[in-house]
Amino acid sequence: MKTLLFLFVSIFAFQNMSLSEIRKAYATANSSKQNALKFYDELDNYSGSNQTILAYKGAAYALQSKYVGTKESKKENFTKGVAYIEKAIKAEPNNIEIRMIRLSVQENIPKMLKYKMNINEDKNQILKLYDSQTNEVKQLIKSYVKTSKSFTEIEKNKLK
């Protein structure tokens, strides 16, 4: 009964979760196993069509695959996460928030997973389209770029 209640509350809580809250949760999701699994739990049941949220859902799958399951299930969840991200990019190629999500995943996964081929493409799109973004997205990008290994200091300064 407690499990059923927990699932109901989790699903209901996500339904009221805004994109701003998802962004904040993503910013801390990589800092601990607990945060990564909570982020995954919040997005796992999302079935809407918002491509940005679907990209975050993909990132959630990729993150939780680091912590949960057998080697096979980790690979399966990572692959599923990448599919969500790639589908979102294909649907909205000029959405730099989705590009930032993919960039952050590609920068932070082991090389052996062979998902690092779009780093320069995403970085260039972010630099090209940054000025036309909302303040909230600009803040998100600036915050990520501070820790990114892909941006030079000159490029980081362009985003200020």
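The values are calculated or read from the model by the stated rules, or taken from the named source; none is laboratory data. Small disclaimer: the values here were computed from a predicted structure and weren't measured. Because the Cβ atoms are built from the backbone with ideal geometry, glycine has one as well, and the counts that use them run over all protein chains shown.
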Query raised in the report: Does any residue of region 96-111 turn out to be at pLDDT below 95, assigned to a helix (DSSP H, G or I), within 17 Å of the chain's Cα centre (by Cα) and not charged (D, E, K, R)?
Result: yes
Query raised in the report: If you take the residues in region 120-160 that are in contact (Cβ under 8 Å) with a residue 60 or more places away in the chain and not hydroxyl-bearing (Ser, Thr, Tyr), which one is surrounded by the fewest Cβ atoms within 10 Å (Cβ to Cβ)?
Result: Glu136
Requested in this report: State yes or no: is Lys160 in a helix (DSSP H, G or I) and charged (D, E, K, R)?
Outcome: no
Query raised in the report: In region 86-119, what residues are touching a residue at least 24 places away in the same chain (Cβ under 8 Å) and among the basic types (Lys, Arg)?
Result: Lys87, Arg99, Arg102
Report task. For residues that are among the polar types (S, T, N, Q) and in contact with an Asp or Glu (Cβ under 9 Å, 6 or more places away or on another chain), tally how many sit in region 133-146. Result -> 1
Query raised in the report: Can you name the helices (runs of 4 or more DSSP H) wholly within region 23-92 that have at least 3 residues being basic (Lys, Arg), out of contact with any Cys (no Cβ under 7 Å at 6 or more places or on another chain) and within 18 Å of Ser104 (Cα to Cα)?
Result: 71-91
Query raised in the report: Taking region 67-83, which residues are of a type in the set (Lys, Arg) and within 14 Å of the chain's Cα centre (by Cα)?
Result: Lys80
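Right, Gln106: over 22 Å from Val137 (Cα atoms), surrounded by fewer than 21 Cβ atoms within 10 Å (Cβ to Cβ) and among the polar types (S, T, N, Q) or not? I'd like the intermediate steps shown before the answer.
Values: over 22 Å from Val137 (Cα atoms): no; surrounded by fewer than 21 Cβ atoms within 10 Å (Cβ to Cβ): yes; among the polar types (S, T, N, Q): yes.
Spelling it out, it is not the case that Gln106 is over 22 Å from Val137 (Cα atoms), surrounded by fewer than 21 Cβ atoms within 10 Å (Cβ to Cβ) and among the polar types (S, T, N, Q).
Under the condition of being hydroxyl-bearing (Ser, Thr, Tyr) and surrounded by fewer than 17 Cβ atoms within 10 Å (Cβ to Cβ), which residue from region 36-68 is nearest to Asn95 (Cα to Cα)? Before you say what the answer is, go through the steps one by one.
Going residue by residue through region 36-68, those that are hydroxyl-bearing (Ser, Thr, Tyr) are 40, 46-47, 49, 52, 56, 61, 65, 67.
Next, from what is left, pick out any that are surrounded by fewer than 17 Cβ atoms within 10 Å (Cβ to Cβ): 47, 49, 67.
Working: Ser47: 20, Ser49: 15, Tyr67: 29 Å.
Here the answer is Ser49.
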**Report entry** Residue count for region 69-95, restricted to those that are crowded, with 23+ Cβ neighbours inside 10 Å and among the β-branched types (Val, Ile, Thr)
**Finding:** 1
